[in-house]
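Take a look at the structure below.
Derivation of every value follows stated rules applied to the coordinates shown; laboratory data play no part. Keep in mind the model is a prediction, meaning the values are calculated, not measured. As a convention, Cβ positions derive from the backbone with ideal geometry for all residues, glycine included, and neighbour counts pool all protein chains shown.
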Amino acid sequence: MNLYGLKNCDTCKKARKALDGAHVRYAFHDVREEPPTKMQIGRWASAVGTDKLLNKSSTTWRNLPDADKANLTEKKAVSLMEKNPTLMKRPIIELAIDNGPTQVFVGWSKDVQDEVLK
């Protein structure tokens with residue numbers, strides 16, 4: 001399991017604490033220190049949709065020029081998230097189960113917790 005987020009993000013801290021408490025092994029990646037590649041972000045966007053991945057209520061989003069926010073396509077959103085990793089909702093969890101396809105979860109809602117901690 002890979003968990004992507006910010007080490008100072010409260011939601012990421014909650015997720016890490018719950019995973020540690022459940023003795024789940026994972027690798028944590030701080031997106032500021034280890035920015036994900038455009039290809040990774042593209043895979044996440046394809047898996048969950050840019051609406052779910054792009055954090056439009058973030059300070060980073062509010063500080064973007066209007067031209068960057070206008071006419072937003074998936075390609076443009078992925079490019080913006082590559083340049084500004086803090087635009088992504090957190091945490092992003094990649095979970096591979098029994099050599100099957102990797103599942104992608106965004107956030108730390110009850111549904112995500114149930115899936116990841118089972």
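Points to keep in mind about this one:
- All other residues whose Cβ lies under 12 angstrom from that of V48 are scored, Lys and Arg at +1 and Asp and Glu at -1, for a net of 0.
- Restricting attention to the chain, close to 70% of DSSP beta bridges with both partner residues there are antiparallel.
- Helix 38-48 and the longest principal axis of the C-alpha atoms of the chain enclose an angle of approximately 70°.
- Proximal lysine pairs, the range 35-117, alpha carbons under 27 Å, eight or more residues apart or interchain: 25
- Kirkwood estimate for the chain, i.e. one over the average of 1/r between Cα atoms, Å: 14.6 Å
- Rounded to the nearest 20 debye, the dipole size of the range 3-67 about its Cα centre is 160 debye, using +1 on the Cβ of Lys and Arg and -1 on the Cβ of Asp and Glu.
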